[in-house]
1. For the chain, what is the mean residue ellipticity at 222 nm derived from helices alone (per DSSP H run of n ≥ 4: -39500 (n - 2.57); sum divided by total residues; nearest 500 deg cm²/dmol)?
2. Among the lysines, which have Cα under 23 Å from the Cα of K110 when same-chain residues fewer than 8 positions away are ignored?
3. With every protein chain kept in the model, how would you rank I84, I9 by accessible area, 1.4 Å probe, largest at the top?
4. With unit charges on the beta carbons (Lys and Arg positive, Asp and Glu negative) and the dipole taken about the Cα centre of the chain, which residue among A170, A76, T276 sits farthest to the positive side?
5. With the contact rule set at Cα under 8 Å and sequence spacing of 6 or more, what percent relative contact order holds for region 234-289?
6. Among I237, V257, A185, whose Cα sits farthest toward the positive end of the charge dipole of region 179-329 (+1 at Cβ of Lys/Arg, -1 at Cβ of Asp/Glu, about the Cα centre)?
7. To the nearest 10 square angstrom, what accessible area does I267 show with a 1.4 Å probe?
8. Cβ under 15 Å from A197's Cβ, A197 left aside: what net charge do those residues give with Lys, Arg +1 and Asp, Glu -1?
Amino acid sequence: MESSAKVAITLGDPAGVGPEVIVKALASLPAGERGDFVVVGSTEALVRADRTTGAGLRFAPFGEVPTGAVAVEEVAIDAPLPEIGKVSPVAGEAAVRYITRAVELTTSGKADVIVTAPINKEAMNLAGHHHDGHTGLLAHLTGSKSSFMLLASERLNTIHVSTHVSLRGAIERAKTERVLATIEAGHRHFLRLGMRARIAVAGLNPHCGENGLFGTEDAEFLAPAVEIARSKGIDVIGPIPADTVFARAYHGAFDLVVAQYHDQGHIPIKLVAFETAVNVSLGLPIDRVSVDHGTAFDIAGSGKANHANMLSAIAYARKMARAPRQKASA
């Protein structure tokens, strides 16, 4: 019988805190639950992190795992393990190979969902992989034309019309078709998880343009997207000025806010849920959840990295693994 796991966890950049938060998170779970996971990456990096953190885990090859041990899908990088805390093309190449293998496991049915530890975009680009991060790389690996970034937390959730582009580029992307697709992606996801989906669309300009005084994009592109979505039965309103909509959502008026660009959605989430918010990719043929922090090279190797965010990502991934998957398009 072929080996399978509910959750595939990618090691991330092996020079960062990914290995440490993974071993800490898995060590904090009951031993009997570790069979739900496979770590995709390097056993050597995991052993190094285990030694640093004192997690006390045992590791075994995927498919040959005794109860209580952690399964590892070994991915060779044809080079010595990179030095901790340093940007390097070797680490960037390793991170991409780990993600690629996790996608293969998921698309072949050997895993249900991917949890990704942090990667370093500079290292990835030094290795010759010119993507904007996990989001672009996953879209490339799965043949998807685009995807949507959802930041999820207990009291505030945001889905982004655009992410890793310039502010000028973000303004250009805030068109009716893309805003509508973002609303629909968030709506589908919340319904899939059995959650209420009251959606608010954040305005692009100050005060949503103030009747054209500060720009016309809100009336010209965002409002029509909201009207089309409402005609399809989606519970959505907007655009609502961005300086109030996130506070209203945080206090319970909305379940999801559509942010027009990266910082508009990231700043409020990181303010109220920095250690617990997770990054979810929507619109892909696979499910993926990530921690919402970086490689933290400054503390990598010290054992100090907080694993709370990894535990949140694991919990959200398990919830997705239990939910029936619906076909989605971006």
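1. -11500 deg cm²/dmol
2. Excluding near neighbours in sequence, the set is K6, K319, K327.
3. Sorted by accessible area, descending: I84, I9.
4. Most positive-ward Cα: T276.
5. In percent, rounded to a whole number, it is 17.
6. Comparing the listed Cα positions along the dipole, A185 ranks first.
7. Roughly 110 Å² of I267 is accessible to a 1.4 Å probe.
8. The answer is +3.
The values are calculated or read from the model by the stated rules, or taken from the named source; none is laboratory data. Given the structure is predicted, the values throughout are model-derived calculations rather than measurements. Here the Cβ is made from the backbone with ideal geometry for all residues, glycine too, and neighbour counts use every protein chain on show. The accessibility values were calculated without ligands, DNA or RNA, using every heavy atom of the protein model including side chains. Shrake-Rupley method; radii C 1.70, N 1.55, O 1.52, S 1.80 Å.
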